[in-house]
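Participant: Please find one structure pasted underneath; my questions will follow.
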Amino acid sequence: MATSPQRSNLVTGGAQQCAARPMRSELLTVAIGLVVTLALCATPSPAAEWPQRTVRLILPVGASTAPDVTARLFAERLAERWRQPVVVENRPGGDGLVGVSAFVGKRDDHALLFSFAAPISVYPVVHEKLPYDPSRDVVPIASATNTFAAITASQAIRVDSLAEFVAHARTNPGKLNCFPGAGAFPYLFAGFTKSIGLDIVQVSYREQNLAVQDLAEGRIQCMLATITVVLPAVQAGKGRLLAVTNSRRAPLAPEAPTVTEAGYPDLAFEGLLGFFGPRDMPSEVLERISADVRAVAANPSFADRLAAVGQIARGSTPSEFAAEIEIQRAKIASIARALGAKPSQ
């Protein structure tokens, strides 16, 4: 029996419709994929959106200190890059603990900590309890500068080098008084004197300027502090720079050797200043801030301004800064074990 033309057309048309449905489905899937891709591309990253308002730099030290001067120089240049105000907030007290605690308490991604590294590298070793978790609450972003610390002797004992000072201390056990500074430096100095068998009395001061006055008058015979603190006394002929703890000589006093050049490499220690972010800050934002800090630090005119206040412009990635901090933490932990020092309450 012959098939009718009408029946044949119906069968053929149905097959064409069935073939068209998968094609339309595939086209629809592709279209949806394109829409999603375009939407993702159009969504700005956290780094592109940051900052959206004023950025605050929390400092754990007072105004007119070396970190404060540095923070304000960076704030000026970063505000230009970010097109938002950058405000410096000084929160001194408690050897830096007040400022760090204030920063952590903000839990604000537009608040950054600008600080020396000791609250992260040293304090976990020397304090049994801290009001913050240094491994979680404070995230390294970028080193900013290296400050210079110097061992300075009073002119009253008339020594011209670190080796002469050590020899003088050996022949006068228990008769020399020294202010060993703050942060990591008391441990660094105590470890140094113990390792070479020196008997030097460590004395404390609430303010470094008072120690400088006593150094100038010969009431203490040495001190370990940032070079800008002691330089006025040195320039007045009241003190003698014996060596800097850094790996390179200080621009403000190039005649002073490094401790390594002077023959005492165990005293080597960099004064790290840098930027830290809060817990849970997106990694894209950390990298963005780090890149901007590096760009500012690399500017020759900016580096010259820092050199004039006794610092060297740095700049690093978050991982590089974290590695430097870990090296310092391990060194102080080793010294503390050697001294048998117990963390304070």
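Participant: From Cα pairs below 8 angstrom and at least 6 apart in sequence, can you work out the relative contact order of the chain, rounded to a whole percent?
Facilitator: Result for the chain is 23 percent.
Participant: Further question: Two decimals is fine: what's Rg over Rh for the chain, C-alpha atoms, Kirkwood radius as Rh?
Facilitator: On the way: Rg = 30.2 Å, Rh = 23.1 Å.
Ratio of gyration radius to Kirkwood radius for the chain: 1.31.
Participant: Helix 97-106 versus the longest principal axis of the chain: what is the Cα-based angle in degrees, 0 to 90, to the nearest 10?
Facilitator: So the inclination is approximately 10 degrees.
Participant: For the chain, take the longest principal axis of its alpha carbons; what is the angle in degrees between that and the long axis of helix 318-339, to the nearest 10 within 0 to 90?
Facilitator: 40 degrees
Participant: Using 7 Å Cα-to-Cβ label points, what is the GLU164/VAL87 separation (nm, one decimal)?
Facilitator: With each label placed 7 Å out from Cα toward Cβ, I get 5.2 nm.
Participant: How high is the relative contact order of the range 149-244? Use alpha-carbon pairs under 8 Å, at least six apart in sequence, and give a whole percent.
Facilitator: Relative contact order comes out at 49 percent.
Participant: May I ask for the percentage of alpha-carbon pairs in the range 212-345 that lie more than 27 Å from each other?
Facilitator: On the way: 3299 of 8911 pairs.
Across the range 212-345, Cα pairs with separations above 27 Å total 37 percent.
Participant: If the reach is capped at under 19 angstrom between alpha carbons, list the aspartates and glutamates near LYS238, excluding any in the same chain fewer than eight residues apart.
Facilitator: By straight Cα distance, LYS238 reaches ASP160, GLU164, GLU207, ASP214, GLU217, GLU255.
Participant: Between HIS127 and ALA268, what length in nm is gained on full extension when 0.36 nm per residue of separation is reduced by their alpha carbon distance?
Facilitator: Value of the extension gain: 48.5 nm.
Participant: Next question. For a protection proxy built on the mean count of beta-carbon atoms within 10 angstrom, sort 220-229, 198-207 highest first, please.
Facilitator: With the highest mean Cβ count within 10 Å placed first, the list reads 220-229, 198-207.
Participant: Evaluate the charge dipole of the chain about its Cα centre and quote only its size in Debye, nearest 20, assuming +1 on the Cβ of each Lys and Arg and -1 on the Cβ of each Asp and Glu.
Facilitator: The calculation lands at about 460 debye.
Participant: So what's the net charge close to ARG279: Lys and Arg +1, Asp and Glu -1, counting the other residues with Cβ under 15 Å from its Cβ?
Facilitator: Values: positive: LYS106, ARG107, ARG136; negative: ASP108, ASP109, ASP133, ASP137, ASP280.
Net of charged neighbours comes to -2.
Participant: Please give the calculated 222 nm ellipticity per residue for the chain, where each DSSP H segment of at least 4 residues contributes -39500 (n - 2.57) and the sum is spread over every residue; nearest 500 deg cm²/dmol? If you can, show how the numbers build up before the last one.
Facilitator: Details: 13 runs with 163 residues, N = 345.
So the helix-based figure for the chain works out to -15000 deg cm²/dmol.
Participant: Under 17 Å Cα-Cα from LYS129, which aspartates and glutamates qualify once same-chain neighbours fewer than 8 residues away are excluded?
Facilitator: Within the straight-line limit of under 17 Å, LYS129 reaches these aspartates and glutamates: ASP95, ASP137.
Participant: Here's something else I'd like to know. To the nearest 20 debye, what charge dipole does the range 119-175 have about its Cα centre, counting +1 at the Cβ of each Lys and Arg and -1 at the Cβ of each Asp and Glu?
Facilitator: Here the size comes out at about 220 debye.
Participant: Continuing with this model, one more query. State the answer as a single residue: which of GLN235, GLY274, GLN208 lies farthest towards the positive end of the charge dipole of the chain, with beta carbon charges of +1 for Lys and Arg and -1 for Asp and Glu, about the Cα centre.
Facilitator: Ranked along the dipole, the leading option is GLY274.
Participant: Something else now. Would you mind checking the tilt of helix 5-42 against the longest principal axis of the Cα atoms of the chain, expressed as 0 to 90 degrees and rounded to 10?
Facilitator: In the chain, helix 5-42 runs at an angle near 20 degrees to the longest axis.
Participant: For the range 149-244, count all C-alpha to C-alpha pairs, find those more than 16 Å apart, and express that count as a whole percent of the total.
Facilitator: Everything past 16 Å amounts to 48 percent.
Throughout, read-outs are computed from the coordinates displayed, never taken from laboratory work. Fair warning: this is a prediction, and the values are worked out from it, not measured in the lab. Please note: Cβ atoms are built from the backbone with ideal geometry, for glycine as well, and neighbour counts cover all protein chains shown.
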